[in-house]
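Novice: What follows is a single structure, and I will ask about it in a moment.
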Amino acid sequence: MSRRQLTTSATALASRGAANPTGLSARARPWSYKNTPKFGYDDTTSLGWLRMFRIQDAEGLVKKVVEDKEVLRAANKFKFTPPTAPIRLTTTLDLSKPTSRFQTKSVLLIPVASLPLPTPEALHRIKLLAGPRWTPGRPGKNEFYKDEEPLGKEGWIKISEERFENAQQNRRSASDMLERLVEAASDSKSPLPADIPIDTRHLIARHRKKRSRQNPFFWTSGQMFLPRLPTVGGIKGFPVEWLPEEIREKAVKA
């Protein structure tokens with residue numbers, strides 16, 4: 001009976017590994033990339049599997065829509081009717097910044113002609129009280145031009161509110177401001193005279209601030225509410241109508 005001789009020398013182990021490359025090294029390190037079998041192009045890649053899983057999820061959603069088609073139709077049977085009121089409240093949602101003030105900011109945009117003002121004096125007085133919040137045109141790129149539509153013939157008032165953390169509070173605050181404006185303008189005993197000319201300096205300043213090479217500032221025939229501001233007594237933009245008639249020419253020349 002012959003006896004088998006075992007050895008653990010480095011030379012012997014190296015010769016054994018060379019003779020059987022998938023022997024000891026493969027069993028000792030089964031997850032080594034060196035022992036990974038060569039890809040035979042008989043299966044899709046990992047990215048391909050992920051793509052197929054996503055397609056499968058999308059197909060599942062489509063199947064659910066087909067199965068619940070009648071329920072979805074019944075839920076969407078309600079016909080949406082856009083509001084016809086001249087008062088519109090706008091809320092902006094900023095999904096990139098959940099803590100932004102734009103999440104709760106409310107903007108009240110209303111044409112002056114739709115407000116319940118009893119007299120032409122009250123109509124003029126509310127423009128004076130609104131100040132820079134009043135524009136001859138709809139707020140935006142056409143706010144410097146008079147609105148030709150009957151709804152906006154008296155201009156627009158824009159009120160923004162963002163002091164509160166709740167959108168409903170900001171909405172209520174903007175609505176209360178408008179109610180106070182209407183109440184003050186309708187007061188026949190108001191100390192504010194109704195014959196004061198409307199100050200348009202804020203419109204001219206805003207127009208010049210927005211000018212650029214693509215939008216240069218120039219005077220047009222449609223800008224009847226943006227007259228050139230005269231210099232009266234060294235003060236640019238002082239209303240000439242506020243001066244007595246006998247000294248108007250002298251004040252303008254000075």
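Taken together, the values in this text are just the output of simple stated rules run on the coordinates, not laboratory data. Because the structure is a prediction, the values reported are computed rather than measured. Note: ideal-geometry Cβ built from the backbone for every residue, glycine included; neighbour counts use all protein chains shown.
Novice: In the range 88-196, if the dipole is taken from +1 on Lys/Arg beta carbons and -1 on Asp/Glu beta carbons about the Cα centre, which of 117, 160, 136 is farthest to the positive end?
Specialist: About the Cα centre, the residue reaching furthest to the positive side is 160.
Novice: Under 19 Å between alpha carbons, and skipping anything fewer than 8 positions from residue 79 in its own chain: which aspartates and glutamates qualify?
Specialist: Filter leaves 70.
Novice: Dipole of the range 88-196, Cα-centred, from +1 at each Lys and Arg C-beta and -1 at each Asp and Glu C-beta, to the nearest 20 debye?
Specialist: I would put it at about 320 debye.
Novice: Any chance you could run the full-extension gain for residue 32 through residue 231? It's 0.36 nm times the residue separation minus the Cα-Cα distance, nm to one decimal.
Specialist: 62.9 nm
Novice: Here is a follow-up. Between residue 63 and residue 76, what length comes free when the chain is fully extended (0.36 nm per residue of separation minus the Cα-Cα distance, one decimal in nm)?
Specialist: Extra length from residue 63 to residue 76 when fully extended: 2.8 nm.
Novice: Can you return the lysines within cross-link range of residue 127? Criterion is Cα-Cα under 27 Å, with same-chain partners fewer than 8 residues away left out.
Specialist: Counting by Cα, and skipping residues close in sequence, residue 127 has these lysines nearby: 105, 141, 146, 153, 158, 189, 209, 210, 236.
Novice: I've got another one for you. With labels modelled as points extended 7 Å from the Cα through the Cβ direction, what inter-label distance (nm, one decimal) is found for residue 39 paired with residue 202?
Specialist: So the two model labels end up 6.7 nm from each other.
Novice: Here's a follow-up. What list of ³J(HN,Hα) couplings, whole Hz, do you get for the range 155-165 from phi and the Karplus terms 6.51, -1.76, 1.60, once you set θ to phi - 60° and write x for glycine and proline?
Specialist: After applying 6.51 cos²θ - 1.76 cosθ + 1.60, I find x, 10, 10, 10, 10, 10, 9, 8, 6, 9, 7 Hz.
Novice: Taking H as built 1.01 Å from N, whose amide H comes closer than 5 Å to the amide H of residue 160, not counting residues under 5 places away?
Specialist: Residues meeting the criterion, in which the H sits 1.01 Å from N, are 108.
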